[in-house]
1. Out of HIS269, HIS296, report the one residue that is of a type outside the set (S, T, N, Q) and either assigned to a strand (DSSP E or B) or assigned by the TED database to the domain that holds ASP169 (or both).
2. Suppose we filter segment 109-121 for residues that are part of a helix (DSSP H, G or I) and free of Cβ contacts under 8 Å to residues at least 12 places away in the same chain; how many remain?
3. Regarding ARG66, is this residue over 35 Å from the mean Cα position of the chain (by Cα), basic (Lys, Arg) and loosely packed, with under 11 Cβ neighbours inside 10 Å?
4. Has segment 9-21 got any residue that is under 30 Å from TRP244 (Cα atoms), open to solvent by less than 60 Å² (accessible area, probe 1.4 Å) and touching a helix residue (DSSP H, G or I) at 6+ places or on another chain (Cβ under 7 Å)?
5. Would you pick out the residues in segment 325-369 that are of a type in the set (Ser, Thr, Tyr) and open to solvent by 60 Å² or more (accessible area, probe 1.4 Å)?
6. With surrounded by fewer than 15 Cβ atoms within 10 Å (Cβ to Cβ) and within 28 Å of GLU100 (Cα to Cα) as the only criterion, which of LEU134, LEU190, LEU123, LEU150 stands out?
7. Quickly run through segment 155-168 and pick out the residues that are without any contact (Cβ under 8 Å) to a residue 40 or more places away in the chain and closer than 23 Å to ARG109 by Cα.
8. Out of all the residues in segment 237-262, which are under 17 Å from PRO153 (Cβ atoms), open to solvent by 30 Å² or more (accessible area, probe 1.4 Å) and touching a residue at least 24 places away in the same chain (Cβ under 8 Å)?
Amino acid sequence: MELSAALSLELLPTDPLLLILSFLDYRDLVSCCYLNRRLNQLSSHDPLWKRHCKKYWLISEEEKARRKQGWRAIFISTYCDLGRYIHYYATLKKAWDDLEQYLGQWCPRMIGSLKESVREEDLDAVEAQIHCKLPDDYRCSFRIHNGQKLVVPGLMGSMALSNHYRSEDLLDIDTAAGGFQQRLGLKQCLPLTFCIHTGLSQYMALESVEGRNKYEIFYQCPDQMARNPSAIVMFITGTSYLEWFTSYVNKVVTGGYPIIRDQIFRYVHDKDCVATTEDITVSVSTSFLPELSSVHPPHYFFTYRIRIEMSKDALPENICQLESRYWRITNAKGDVEEVQGPGVVGEFPVISPGKVYEYTSCTTFTTTSGYMEGYYTFHCLSNKDRFFNVTIPRQQIVMNLQWMKIKIPQALMTPEIHIEYWTLLHPLDAAHVTLMGFFPKQTVCIS
């Protein structure tokens, strides 16, 4: 009896027990409520729920004060509304909050295109309409923001060339459901984005059909040499909505994608891709354009943005004018092409101290990767006889996607086609490729 009394839970002091309970996850804390009266009282201690409110629902002290509720009450009420998304909500909410804060500073007019959240009933109605289940991470994101209006610029990034413009909107749930596909080559695929200029969309596979993995996100690229429309190439951009959206937001808010004319441009800049010659610095950013690319015939379209800047500390007599350009372009097979000509994009810019000149151009490869390097020739305006070369840093040209997936119908596969595709794919530089049709489905990593 004495030993039993010494170990009685009722006799243990409150503070050590609360300290122990503070290490429990919310599930275990709830379970403790059902063990006995003492643990029920201790588990209901309001400060214990503060950590869970901040961890899972990102509830701040200001939000708590606005709601005029205790931490436990806030956790329970939020769980009743968003409980099925508890493993996704904090990550997606932080991504949306970071994106809104960044856009508010750099692209304020884009904020007005974002739509308010949808209700659970709205998402359930879409599932009934398309006869497919939506992934929870996708649903969770739309409980925070229902995509955006069909406007320009699009939230999911832009790209501009002299005769080509792309800007992708993040579709709201009703527009996405209206574009749900059941046709050959896109069976059970839901559009996530849409460009009103090009018609380009990124799709999410809601089922594992036609060689796609469930919830993969991709750009479709119909095989331009195949008569059968089910022979397609997919440029994979994400393996899940959570990974796809949060990785994009991280690129945006960390400055990985530049803001140009109040738009997010999806150029990838390698911080090492910078070269300085005397007082002039040249830096390069690149981007892959899937909508202008094909695998068969091999035609991979890349655009690049060049920034030429003269140091503000340069002497006034160093003012110079760009005369010509020279490029040495090498694909993954080692084939070399040399390009030289007057000026850049038809211009002969004058560079002075502190001045920046930027331009955009493009190139195509027959392989999925390669590199470009070269130099510009300038002449000094204060000394017409002085010419000098300014280095263009080597820029690695790669598809800034996760991998490529090639689907060839069994009826079209022959040994000749297989050899042809293997020859095409062999130069890939550490890309992941999935071939379906000739062999049982397999993923091949080619280095």
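1. Testing whether each residue is of a type outside the set (S, T, N, Q) and either assigned to a strand (DSSP E or B) or assigned by the TED database to the domain that holds ASP169 (or both) leaves just HIS269.
2. Initially, segment 109-121 is screened for residues part of a helix (DSSP H, G or I), giving 109-111, 120-121.
Filter once more, so that each one left must be free of Cβ contacts under 8 Å to residues at least 12 places away in the same chain: 111, 121.
Looking only at that region, the number is 2.
3. Values: over 35 Å from the mean Cα position of the chain (by Cα): no; basic (Lys, Arg): yes; loosely packed, with under 11 Cβ neighbours inside 10 Å: yes.
Answer is no for this residue.
4. Narrowing segment 9-21 to residues under 30 Å from TRP244 (Cα atoms): none.
No: segment 9-21 contains no residue that is under 30 Å from TRP244 (Cα atoms), open to solvent by less than 60 Å² (accessible area, probe 1.4 Å) and touching a helix residue (DSSP H, G or I) at 6+ places or on another chain (Cβ under 7 Å).
5. Within segment 325-369, THR364, THR366 meet the criteria.
6. When all the criteria are applied, what remains is LEU150.
7. Matches in segment 155-168: TYR165, GLU168.
8. Of everything in segment 237-262, those that are under 17 Å from PRO153 (Cβ atoms), open to solvent by 30 Å² or more (accessible area, probe 1.4 Å) and touching a residue at least 24 places away in the same chain (Cβ under 8 Å) turn out to be VAL253, PRO258, ILE259, ASP262.
The values are calculated or read from the model by the stated rules, or taken from the named source; none is laboratory data. Computed from a prediction, not measured in an experiment: that's the story for all the values here. Counting neighbours? That spans all protein chains shown, and the Cβs are built from the backbone with ideal geometry, glycine included. Surface areas here come from the heavy atoms of the whole protein model, side chains and all, with no ligands, DNA or RNA. Shrake-Rupley method; radii C 1.70, N 1.55, O 1.52, S 1.80 Å.
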